[in-house]
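**Student:** The structure's right below; bear with me while I get my questions together.
The values are calculated or read from the model by the stated rules, or taken from the named source; none is laboratory data. The shown structure was predicted, so the numbers you read here are calculated from the model rather than taken from an experiment. No Cβ is skipped: glycine too gets one built from the backbone with ideal geometry, and neighbour counts run over all protein chains shown. Ligands, DNA and RNA are stripped out before the accessible areas are found, and what is left, the full protein with its side chains, is counted by its heavy atoms. Shrake-Rupley method; radii C 1.70, N 1.55, O 1.52, S 1.80 Å.
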Amino acid sequence: TLVTAGVYLLIRFNMLLIDMFFFKLLLLLSGLTMFMAGISANYEFDLKKIIALSTLSQLGLMMSILSMGLPELAFFHLLTHAMFKALLFMCAGVIIHMMNDNQDIRYMGGISLYIPMTSLCMNISNLALCGIPFLAGFYSKDLILEMVSMSNLNMLIFFLYYFSTGLTMFYTIRLLMYLMINDYNLFSIYNLYDEDYVMLKSMFLLLFMSLVTGSFLMWMIFNYPYMIYLSFNMKMMVIYVSLMGLFMGYLISNMKIYSLNKFLMTYNL
């Protein structure tokens with residue numbers, strides 16, 4: 001509630017605010033918020049800070065779709081985002097606790113071998129955040145971006161939307177490479193223990209919700225289907241930027257610039 005209270009308040013008061021000049025200003029500001037939060041998350045090494053910046057980026061998305069005059073769509077994205085982002089924060093809390101309260105992702109790696117269930121929840125919620133098709137985030141995010149493509153806005157807003165979506169994929173893949181695919185850094189060996197079975201109960205509930213709730217809420221909230229008529233390339237644009245962000249995140253994470261694991265490089269000698 002602390003994060004999304006302002007968005008919810010603007011959704012409730014939307015009938016008073018609609019067609020004001022304030023909304024045009026809000027559209028620009030929230031688009032820039034999405035953009036800057038996505039860029040900042042790519043340069044961050046703190047696990048919790050990456051997830052917090054990604055939340056900020058999604059809040060910018062909700063505010064901007066609200067300022068385009070689609071409050072129910074913003075509310076739909078708010079609800080689906082609540083599912084997987086709560087799961088993401090819970091997984092991050094478990095991982096930080098396992099790492100002996102250390103938040104730096106450069107110290108982590110190979111987590112998926114030690115805590116597979118937590119890593120499963122983390123990865124699925126991360127992919128739902130990216131908008132992988134038929135997970136929860138896809139329904140709201142795809143609909144939002146197609147409504148942006150249909151509206152008669154300028155090129156700047158269009159670019160900000162799609163680039164921020166690509167950046168979401170970017171920092172998600174970066175997080176996944178650092179946490180799961182990286183080799184063990186010597187820091188993490190001593191602090192891993194068994195899974196937290198108390199947390200797993202609620203995490204599996206949220207996991208189920210972040211798989212199902214997108215299609216379910218789309219069926220519940222909208223009483224008429226949105227007819228979105230676009231050309232094929234515009235329709236596929238979301239998938240294009242997601243694949244591009246995935247590719248870029250993979251490339252950048254493979255460069256191993258910031259890895260603290262330089263000691264194991266001498267193994268080749």
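**Student:** Divide by every residue of the chain the summed helix terms, -39500 (n - 2.57) for each DSSP H run of at least 4, and state the resulting mean residue ellipticity at 222 nm, rounded to the nearest 500 deg cm²/dmol.
**Tutor:** -23000 deg cm²/dmol
**Student:** Follow-up question, since we're still on this one. For the range 206-245, compute Rh as the Kirkwood radius over C-alpha pairs and then the Stokes-Einstein diffusion coefficient at 25 °C and 0.890 mPa s; write the answer in µm²/s, rounded to an integer.
**Tutor:** In µm²/s, the coefficient is 195.
**Student:** Identify which of I111, I252, I173 has the largest mean-square fluctuation in a Gaussian network model of the chain, with springs joining Cα atoms closer than 10 Å.
**Tutor:** I252
**Student:** Count the net charge of all other residues whose Cβ sits under 13 Å from the Cβ of F45, scoring Lys and Arg as +1 and Asp and Glu as -1.
**Tutor:** That works out to +1.
**Student:** Roughly how many debye, to the nearest 20, is the charge dipole of the chain about its Cα centre, given +1 on each Lys and Arg Cβ, -1 on each Asp and Glu Cβ, and no other charges?
**Tutor:** In total the dipole reaches around 300 debye.
**Student:** Let's see if you can work this out: charge +1 on each Lys and Arg Cβ, -1 on each Asp and Glu Cβ, no other charges. What is the dipole magnitude of the range 129-258 about its Cα centre, in debye to the nearest 20?
**Tutor:** About 300 debye.
**Student:** Kindly write out, for the range 236-247 in residue order, the coupling ³J(HN,Hα) from the Karplus curve 6.51 cos²θ - 1.76 cosθ + 1.60 (θ = phi - 60°), rounded to whole Hz, with x marking Gly and Pro.
**Tutor:** 8, 4, 4, 5, 4, 5, 5, 5, 5, x, 4, 4
**Student:** Further question on the same structure: So, with a 1.4 angstrom probe, what is the percent of accessible area on the range 1-264 that is carbon and sulfur?
**Tutor:** Carbon-and-sulfur percentage of accessible area, whole number: 73.
**Student:** Follow-up. By per-residue mean of other Cβ atoms within 10 Å, what is the highest-first order of 80-87, 206-213?
**Tutor:** 80-87, 206-213
**Student:** Compute the convex hull volume of the Cα atoms of the chain, divide it by the residue count, and report the result per residue in Å³ as a whole number.
**Tutor:** That works out to 129 Å³ per residue.
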